[in-house]
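The values are calculated or read from the model by the stated rules, or taken from the named source; none is laboratory data. What you see is a predicted model; the values in this text were computed from it and never measured. Backbone-built Cβ (ideal geometry, glycine too); neighbour counts: all protein chains shown. Accessible surface areas use protein heavy atoms only, side chains included; no ligands, DNA or RNA. Shrake-Rupley method; radii C 1.70, N 1.55, O 1.52, S 1.80 Å.
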Amino acid sequence: MSDAPDMIKAYEPAEVEAKWYPIWENSNYFHSDPNSGKKPYSIVIPPPNVTGILTLGHVLNNTLQDILIRYHRMLGEEVCWFPGTDHAGIATESRVDKYLRQEENTCRDDLGRDEFIRRVWEWKQKYGGTIIRQLRTLGCSADWERERFTMDDGLSMAVRKVFVELYKKGYIYRGQRMINWCPVAKSALSDEEVIYKEENGKFYHFRYPLADGSGYLVVATTRPETMFGDTAVAVNPEDERYKHLIGKMVKLPLTDREIPIVGDIHADPTKGTGCVKITPAHDPNDFEVGKRHNLEVINVMNPDASMNARCGERFAGLDRFTARAETVKAMEELGLVEKIEDIRHAVGYSERGNVPVETLVSSQWFCNMKELAKPAIEAVKSGKIKFYPERWSKTYFHWMENIQDWCISRQIWWGHRIPAWYNDETGEVYVGMEAPTAPGTWRQEEDVLDTWFSSWLWPFSIMGWPEKTPELQKFYPTCDLVTGPDIIFFWVARMIMAGCEFMDEIPFKNVYFTSIIRDDLGRKLSKSLGNSPDPLDVIAQYGADALRFTITYIAPVGMDIRYSNEKCELGRNFANKLWNACRFRRLQGPVTPDFRRLAPSLVLTSDERWMLAKLNEAIGSITTALEEFRFHSAAHEVYELVWSNFCDWFIEAEKVPLRAGGEDKERALMVLDYALFRILKLLHPFMPFITEELAHQMQFVEEGKSIMFESFPTMDDMIFDPAQIELADGKFELVRAGRALKSGYNIPDGKKVNFHIKANSPEMLAFLREESASLYSLLNAAEIKLELDAFDTAANGAAPAQAAQLGTISLPLTGLIDVAAEKAKLNKQIAELDKSIAGSRAKLSNEKFLAKAPEKVIADAKALLEKMEARHAELTALLASLQ
RNA sequence: GGGCGAUUAGCUCAGUUGGUUAGAGCGUUUGCUUUACACGCAAAAUGUCGGGGGUUCGAGUCCCUCAUCGCCCACCA
């Protein structure tokens, strides 16, 4: 046993993983050929932010993609995983601005537009795309030659083309509308970029005096500082309390303005006082009311959400929150505060800026989505695109059927500049792929496009659209998309719309929505909480394979994952188990030649047939699970197969023929090799590094080749009689019973003892006789008496025993037996059995059951009852023998 | 206000279309340096499947309802 000096006792992933990745990449293994005749299989990566670093969310997401890619590669398909990064407008702009402030004592605004953009590109060259390198550490087999960036020339051209086409169709327009404004980015945002948080707030009731001095109205607001923009007070036209006031004026406190009282259905008589202050510039509802009554729109804020000159000297320049307090104070000074209530309400926050957004009226570019949504809704409804889990389609439909115009312009610099030019002299607007050539002075729009306006084209822009490239021909539409449900609106829905509109074809067939990863306590992972482990640390500690396997194993379908680093012990231990199974095999001698296919003439043992049957079963269920995106279930199956079936039982059982040597050993080695190679292949998509290493260590795969191009195992054609497999299972059950007896008497496992086995039938006896060497080994027995007769208690004294399917096993411990304990144990077993038998009999004597249940269910129930009754008789006899 | 999800062993979770005695990992207890593996082996204990009602011969699984927790959407001034 000195044949495998190269295999250390405990698997160490670091070196192995560092060794294989460059070999794979330098051998061009991930390269895809759009001209091949093979069936295409493609995935586009959800492009991570170019500023990003690997998080556990990426680990989960990309592990699953890599599992799919490797699985389909092993199915012999032409696979292509398109990688790349996203320019992430606002995030990158503020990241680089921060960098400039920290490192160079300058900033965006100091540098000016052109220089700043130049510096962002520079930063991107230097620091960007870290995550792309990190994905290699994880083992991802993407086609890196095809890495793209959303601001590459080609992709930028696609963006302009799409903009121009949608403009010509009349979908894209520029208009004055209510939008969400981020005071930090000083830019407009789309509705989707606003996150609502429940907060404690105040509800201020103010008195607005009537201009004629005949009293006052009480209005309530959560935003007192916007009152400088009030241009009316609305009451419901049906409201008896106030309808006589419609048309009169109120004096707007803190200003010199008088504003009208208007009748509008927006005012709900049942809410508050029934009077609403109308601030068209700062509230979407008020904006609508303003339009109906032709009210002036007065913006009272600066771009950074401080108050502007319209608010008067006392308030101008104040931050909005300071201004709020100050306004209330001023109103109190005037005695116009009726009351202040505490309320809980939802406040919209800017996703990036993490401050409350302002809703305000602004001139922006919008895209009308109504028509684009129609075919995209149909694509999912008809089942052309399938969602996993399916329930997300409900969320999708709800959003798509109520889709609003998309605010696509951003007042930042980093991004795709909107291809629109203004002629200030003529007032003309030109929209085109390139600058206008017509004479005159043209000024390009300053705004850039929302980042998602390039990401929604990703599945085809990454393949070279609008050119008709071989990649588009071969790989579009892509097959599967793996992404988080948090970007279903931002990205998934919009990609479907873009695909249908510009390719006239869906962008992908299946969308798998991953789980959200949380910490042990169920909290979201975040930098600020400090509960976000660095995957690279985890990989250094446990190995990439361990992390991949663990996260797949613990990720339930469509639910949150509770993750902690310690859980990776599962994957690490599993890798070690596999390593040692192979190490054991290597210690037995060199690889056998027929490891790819066993000779049909080979006469197998019961254990070997059992193992191959289990293997076949596992291959079937793992394949189905992968096809149905049930990754965790596939991981559980393969874990069970390797650990429980292969290691715990099969290797232990094969030690008998291995020790016997000669032909027995030869055959055992062949079966071990055959099974091991299949196991390595099954596991490869989950744990690419260790399976590659072991496939070479075991000499299943030649030097210069890779397991990743071996075919994924399919069920082989060996058919086994289920009755034989059941006998093998029965033997293991008997062994378990025997071990339990030993354990019950605190007999060390290593100590050899005598057993007596009474077989339940002559056939079973014959089988057990054939298997007796195996029984000796698995039970570590000194001597086993195998008979049809019960242990002779009269002659030898009472013995502890356990009943199993094939027979009763007893431990003849003459004189040492604890009779009372044994009786108690038996009585407990009998009592439990009594219950089950009673239930079973009741069921079987129920005429309705017999009439309505399927035949198979009835037959199974009868067989079970028989088994239980036999077991019952056996236990009763054992009890009697103890008297 | 609408929608979705969760509630199963001490913890984290499996449990395909309703059909044997509800499973795994971790943890706990006991015994093991058995020549692949202590990142291990063998054995053991632990559950009124959130409460209530219903459908059914049969419910962890389907329906209704309540409770708790979480997420998403929605203009409540």
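Pairing each residue of the stretch A:267-286 that is within 22 Å of A:R241 (Cα to Cα) and part of a strand (DSSP E or B) with any residue that is within 6 Å of RNA strand B (Cβ to nearest atom) and small (G, A, S), provided the two are 6+ apart or on different chains, yields C-beta distances under 6 Å for A:V276/A:A267. Of all residues in the stretch A:779-787, one or more are within 12 Å of RNA strand B (Cβ to nearest atom), touching a Phe, Trp or Tyr at 6+ places or on another chain (Cβ under 9 Å) and open to solvent by less than 20 Å² (accessible area, probe 1.4 Å). Among the helices (runs of 4 or more DSSP H) confined to the stretch A:710-785, the ones with at least 1 residues that are within 14 Å of A:S810 (Cα to Cα) are located at A:722-744, A:772-779. A single member of A:G348, A:G353 is touching a strand residue (DSSP E or B) at 6+ places or on another chain (Cβ under 6 Å) and assigned to a loop (DSSP other than H, G, I, E, B), and it is A:G353.
Do we find that A:V219 is closer than 29 Å to A:R410 by Cβ and in contact (Cβ under 8 Å) with a residue 24 or more places away in the chain in this structure? Criteria not met by A:V219.
Each residue in the stretch A:127-153 was checked for being open to solvent by 20 Å² or more (accessible area, probe 1.4 Å), within 27 Å of A:D537 (Cβ to Cβ) and outside any helix (DSSP H, G or I), and 1 of them qualify.
If you filter the stretch A:644-691 down to residues that are in contact (Cβ under 8 Å) with a residue 40 or more places away in the chain and not in a helix (DSSP H, G or I), you find that the one that is farthest from the chain's Cα centre (by Cα) is A:H684. Any residue that is of a type in the set (A, V, I, L, M), within 6 Å of RNA strand B (Cβ to nearest atom), out of contact with any Leu (no Cβ under 9 Å at 6 or more places or on another chain) and open to solvent by 50 Å² or more (accessible area, probe 1.4 Å) - is there at least one of those in the stretch A:559-578? The answer is yes, given that some residue of the stretch A:559-578 is of a type in the set (A, V, I, L, M), within 6 Å of RNA strand B (Cβ to nearest atom), out of contact with any Leu (no Cβ under 9 Å at 6 or more places or on another chain) and open to solvent by 50 Å² or more (accessible area, probe 1.4 Å). Among residues of the stretch A:371-395 that are among the hydroxyl-bearing types (S, T, Y), those with a Cβ under 7 angstrom from a residue that is open to solvent by less than 100 Å² (accessible area, probe 1.4 Å) and assigned to a helix (DSSP H, G or I), sequence gap 6+ or separate chain, pair up as A:S393/A:V380; A:T395/A:I488. Filtering the stretch A:807-820 to residues that are part of a helix (DSSP H, G or I) and touching a residue at least 24 places away in the same chain (Cβ under 8 Å) leaves only A:V819. Listed by first and then second residue, the pairs with beta-carbon distance under 8 Å, at least 6 apart or on different chains, first residue in the stretch A:839-855 and polar (S, T, N, Q), second near RNA strand B (Cβ under 6 Å from one of its atoms), are A:S840/A:L864; A:S840/A:M868.
Test A:A232 against the stated conditions and say whether it is farther than 15 Å from A:L360 by Cα, surrounded by 22 or more Cβ atoms within 10 Å (Cβ to Cβ) and modelled with pLDDT of 90 or more.
Yes: the conditions hold for A:A232.
Is it true that some residue in the stretch A:822-842 is surrounded by 16 or more Cβ atoms within 10 Å (Cβ to Cβ), more than 16 Å from RNA strand B (Cβ to nearest atom) and over 50 Å from the mean Cα position of the chain (by Cα)? No, that holds for no residue. So which of A:E693, A:E733 ends up being open to solvent by 10 Å² or more (accessible area, probe 1.4 Å), charged (D, E, K, R) and under 30 Å from A:S761 (Cβ atoms)? When all the criteria are applied, what remains is A:E733. Looking only at the stretch A:659-690, residues that are within 12 Å of RNA strand B (Cβ to nearest atom) and surrounded by fewer than 20 Cβ atoms within 10 Å (Cβ to Cβ) come to 1 in all. Checked against the criterion of being of a type in the set (A, V, I, L, M) and more than 30 Å from A:M559 (Cα to Cα), the candidates A:L75, A:L100 yield just one match: A:L100.
In this structure, A:D792 does satisfy being over 52 Å from the mean Cα position of the chain (by Cα) and either within 19 Å of A:A728 (Cα to Cα) or more than 11 Å from RNA strand B (Cβ to nearest atom) (or both). Residues in the stretch A:698-743 that are within 16 Å of RNA strand B (Cβ to nearest atom), touching a helix residue (DSSP H, G or I) at 6+ places or on another chain (Cβ under 8 Å) and among the small types (G, A, S): 3 in all. With respect to A:E338, determine if the residue is within 16 Å of RNA strand B (Cβ to nearest atom), of a type in the set (D, E, K, R) and surrounded by fewer than 18 Cβ atoms within 10 Å (Cβ to Cβ). Here the answer is yes, as A:E338 does meet what is asked. Between A:V262, A:V233, A:V297, the distinction of being aliphatic (A, V, I, L, M) and under 23 Å from A:K339 (Cα atoms) belongs to A:V233 only. Exactly one residue out of A:A18, A:A10 is within 16 Å of RNA strand B (Cβ to nearest atom) and surrounded by fewer than 21 Cβ atoms within 10 Å (Cβ to Cβ): that is A:A10.
Can you pull out the residues in the stretch A:276-307 that are open to solvent by less than 40 Å² (accessible area, probe 1.4 Å), over 21 Å from A:A323 (Cα atoms) and near RNA strand B (Cβ under 7 Å from one of its atoms)? Within the stretch A:276-307, no residue meets the criteria. Failed condition for A:I496, given (1) part of a helix (DSSP H, G or I); (2) touching a strand residue (DSSP E or B) at 6+ places or on another chain (Cβ under 6 Å), with all others met? Result: A:I496 passes all but (2). Taking the stretch A:736-755 as the range and being surrounded by 20 or more Cβ atoms within 10 Å (Cβ to Cβ) and out of contact with any Leu (no Cβ under 8 Å at 6 or more places or on another chain) as the test, only A:A737 passes.
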